[in-house]
Amino acid sequence: MRKIFSILAAAVLLLTGCSQVQKSGSESPAVIPEAPQEDTVLTIAAMGELPEEAARTINAMNEADNGITIVTRDYSGFYEGDAADGYTDDGMRAADFTLIQDIINTDDIDIVTSQSFFDIAKYEILQNKGAFADLYQFMESDPEVNTDTLNSHVLSLAEKGGKLYTLPAFYGISTLIGRAEYVGSKENWTVDEFISRWEEMPENSTINYDRTREEAFYTILRGNISSFIDYKNAQVHFDSPEFKRILEFCSRFEFNNGNKSAYDFDAPNFVGYSIIMGFMCEKGYFSSGENTLVGFPTYDGKGSFLTPANTCWSVSAKSSPEKQQAAWELIRTFCTEEWLNENVMVYKDYGTPENSFWNELPGFSLNDKFCRQLGYDISDGKYYDGLIHGKEGDYYVELPSHEDIEKLLDYINSTEKWEVKEDSALSLIVREEVFRYFADEITLDECIELIQNRAAIWVSEQQ
């Protein structure tokens, strides 16, 4: 099998998700073009058309004399219903179910990504089922992409029982963030610290610029739901004391009965939900002098998450050893310095300086050396000097310093949780019962009991 790295290095961007969903009625998923019989054929599961950049890369590989042909099997045709009328959970589940059956029961699929499903939680569940190959075995003989060159801490968080079933080429930070003048400089709070700090806030303060129960729930709990779910052991922990206390805290605010909030951007704001996806932002966004990353309130004060960004990659456990190695040659590319140097920072040229700009591919690179150097390059003004062309005139923002870059990298390496995306059905269960509690239709204890029982049944059914 001939190496394909030189072709893959020309890729422009990672897969970033579904672009156009087809109507149901397809008898079988679409594939692209028929491969010569002597080639190793790899099949990628997709949910909709691949982005143009990915399709262009695959086309280049298929046209090259490299012994590899990649085809795409599109499962969006198994969506039940007419997508033109709007997506439904039931329709999306039907497409996801078909893909899951093919992954588990056949050897037709070789590469699966976090974007292969309508619901990313299905990707997490399959990892726990052992549906994918352990990627550490390929790193052992790879001189460039291995546990020495990649962020070993991030890899350890993504592991399942010491095995790595997914390669998160890019990742972000999921956390709550507050202005230091209100929240101080201490990072990552316990539930007691969160409530105590709130009680010191000025009168008329807000959470995410709002004063409703719904917004408090969305800000504090919705982004933290995954910490109460254990897919591996088919357990949920919504009956934990911290979930109850936070829910009770949210009920201090007024109930908006599902109506649109009137945000107050002039009032003192306590915290807001944030996903940090790179270095290319204003200095004050993450520097200790302006803002503090306080995490989500937990019993142990370790409530921040690292979260998948862009596409995570997996290799089917049912594929042959030859196909698994060929699949690794593809997915490793997104962690090589050559590919990263050519693709992470892209200049969007729209004809005039006012409309053109540098764009950073969302997420921090898993490649340790490249990740740090990119931060320094942005800090040193390699790509832009902080000039922003605003509607009301030009202005400058202060770029992050090297100290800010190191502080953010330290925060990444001190974060001890990997975000597990909850299924949409499970999210709906929580929201339904919480909003009934907010509407005073049920008590707090009844709300928690209903969520715990319904969620436990749902998680057990996914095994």
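Counting only helices (runs of 4 or more DSSP H) wholly contained in the stretch 113-161, the ones carrying 2 or more residues that are in contact with an Asp or Glu (Cβ under 8 Å, 6 or more places away or on another chain) and at pLDDT below 95 occupy 121-128. Scoring A216 on the criteria (1) touching a residue at least 60 places away in the same chain (Cβ under 8 Å); (2) open to solvent by less than 10 Å² (accessible area, probe 1.4 Å) leaves a single failure, condition (1).
Inside the stretch 111-151, can you point out the residues that are under 16 Å from the mean Cα position of the chain (by Cα) and among the hydrophobic types (A, V, I, L, M, F, W, C)?
Looking only at the stretch 111-151, we keep the residues that are under 16 Å from the mean Cα position of the chain (by Cα), and these are 112-125, 127.
V112, F117, F118, I120, A121, I125, listed by residue number.
Of all residues in the stretch 417-461, those that are out of contact with any His (no Cβ under 9 Å at 6 or more places or on another chain), more than 20 Å from F117 (Cα to Cα) and surrounded by 17 or more Cβ atoms within 10 Å (Cβ to Cβ) total 15.
Does the stretch 319-341 contain at least one residue that is assigned to a strand (DSSP E or B) and modelled with pLDDT of 90 or more? No.
Return the total of residues in the stretch 126-138 being of a type in the set (A, V, I, L, M, F, W, C) and surrounded by fewer than 21 Cβ atoms within 10 Å (Cβ to Cβ). Working first, answer last.
From the stretch 126-138, those of a type in the set (A, V, I, L, M, F, W, C) are 126, 131-133, 135, 138; that's our starting set.
Narrowing the set further to residues that are surrounded by fewer than 21 Cβ atoms within 10 Å (Cβ to Cβ) leaves 131.
The total comes to 1.
For S356, the test of being over 23 Å from the mean Cα position of the chain (by Cα) and of a type in the set (G, A, S) is passed. For the stretch 234-279: of the residues being among the aliphatic types (A, V, I, L, M), buried (at least 18 other Cβ atoms within 10 Å of the Cβ) and closer than 28 Å to P400 by Cα, which is modelled with the highest pLDDT? This residue is V271.
Does K160 meet the test of being in contact with a helix residue (DSSP H, G or I) (Cβ under 6 Å, 6 or more places away or on another chain) and open to solvent by 50 Å² or more (accessible area, probe 1.4 Å)? Answer is no for this residue. Applying a threshold of 6 Å to beta carbon distances and a minimum spacing of six or more residues, or different chains, the list of pairs starting in the stretch 182-209 at a residue that is closer than 14 Å to G272 by Cβ and ending at one that is open to solvent by 80 Å² or more (accessible area, probe 1.4 Å) and part of a loop (DSSP other than H, G, I, E, B) reads Y209/Y263; Y209/F265. The set of residues in the stretch 314-347 being open to solvent by less than 10 Å² (accessible area, probe 1.4 Å), aromatic (F, W, Y) and in contact with a Phe, Trp or Tyr (Cβ under 8 Å, 6 or more places away or on another chain) consists of W328 alone.
Could you list all residues from the stretch 221-236 that are closer than 23 Å to A439 by Cα and touching a Phe, Trp or Tyr at 6+ places or on another chain (Cβ under 7 Å)?
First pass over the stretch 221-236, keeping only residues closer than 23 Å to A439 by Cα: 221-225.
Result: G223, N224.
Does the stretch 391-406 contain at least one residue that is surrounded by 17 or more Cβ atoms within 10 Å (Cβ to Cβ) and either under 19 Å from the mean Cα position of the chain (by Cα) or of a type in the set (A, V, I, L, M) (or both)? Taking every residue of the stretch 391-406 in turn, at least one turns out to be surrounded by 17 or more Cβ atoms within 10 Å (Cβ to Cβ) and either under 19 Å from the mean Cα position of the chain (by Cα) or of a type in the set (A, V, I, L, M) (or both). Can you find a residue that is in a loop (DSSP other than H, G, I, E, B), among the aliphatic types (A, V, I, L, M) and open to solvent by less than 60 Å² (accessible area, probe 1.4 Å) anywhere in the stretch 170-193? Within the stretch 170-193, none of the residues are in a loop (DSSP other than H, G, I, E, B), among the aliphatic types (A, V, I, L, M) and open to solvent by less than 60 Å² (accessible area, probe 1.4 Å).
From the list M1, M92, the lone residue that is modelled with pLDDT of 75 or more and either surrounded by fewer than 17 Cβ atoms within 10 Å (Cβ to Cβ) or part of a helix (DSSP H, G or I) (or both) is M92.
Those helices (runs of 4 or more DSSP H) of the stretch 375-463 in which at least 1 residues are among the acidic types (D, E) and closer than 19 Å to Y171 by Cβ, considering only elements entirely within it, cover 402-414.
The values are calculated or read from the model by the stated rules, or taken from the named source; none is laboratory data. Treat the numbers as computed from the prediction; the structure is a model and nothing was measured. Note that we place each Cβ from the backbone using ideal geometry, even for glycine, and neighbour counts take in every protein chain shown. For accessibility, only protein heavy atoms count, side chains too; no ligands or nucleic acids. Shrake-Rupley method; radii C 1.70, N 1.55, O 1.52, S 1.80 Å.
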